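Nothing in this text is a laboratory measurement; each read-out follows from the coordinates by a stated rule. The model shown is predicted, which means the values in this text are computed figures rather than measured ones. Counting neighbours? That spans all protein chains shown, and the Cβs are built from the backbone with ideal geometry, glycine included.
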Ligand SMILES: [Zn+2]
């Protein structure tokens, strides 16, 4: 594996982590919305629709990070599942890097990573990343 590949996969790891964090925040918000709880057809009962992305980060970023930290294995498994789908190799020793990322990532960094387009690697695979991040976030929230 050459340097470019390794760099891309590290980027994938960062991006996936940010996606999982975002899905955890998003799903947590829905779990706490009174309208979502009872699946109300009336928009008025949904506080969730009033929440902008800024508010979502303000309200749930710290919680999401704690949830990820408490279940690092689940996120790591998700990453491996994604890597398998994308046919890329994730090295076991990168786990330390990933743990540090979860520790250090702040709101701003997380948003940057989320919005960063990954050259080459993600081309046409955005749905796989989304699906795996969503499945991982639901697993995190149910444990
Ligand atoms: Zn709602």
For this session: Could you give the C-alpha radius of gyration of the stretch 84-135 expressed as a fraction of 2.2 N^0.38 Å, taking N as the number of residues it contains?
Result: 1.27
For this session: Please order 74, 63 by the number of other Cβ within 10 Å, starting at the fewest.
Result: 63, 74
Seminar exercise, completed: The relative contact order of the chain, taking Cα pairs under 8 Å that sit 6 or more residues apart, comes to a percentage of 43 percent
Problem set entry | Neighbour-count order for 23, 45, 116, fewest beta carbons within 10 angstrom listed first | 116, 45, 23
For this session: Can you tell me the 0 to 90 degree angle between the C-alpha axis of helix 53-70 and the longest principal axis of the chain, rounded to 10?
Result: 60 degrees
Problem set entry | Dimensions (Å) - the chain, Cα atoms, principal axes, largest first | 54, 30, 26
Exercise. Order of 15, 46 from fewest to most other C-beta atoms within 10 Å?
Worked result: 46, 15
Problem set entry | 0 to 90° range, to nearest 10: angle between helix 72-86 axis and the chain longest Cα axis | 60 degrees
Exercise. Where a ≥ b ≥ c are the square roots of the eigenvalues of the C-alpha gyration tensor, would you call the stretch 54-124 rounded, which needs a/c under 1.5, or, failing that, prolate if a/b is larger than b/c, or oblate?
Worked result: oblate
For this session: Any chance you could give the angle, 0 to 90 degrees and rounded to 10, that helix 126-142 forms with the longest Cα principal axis of the chain?
Result: 60 degrees
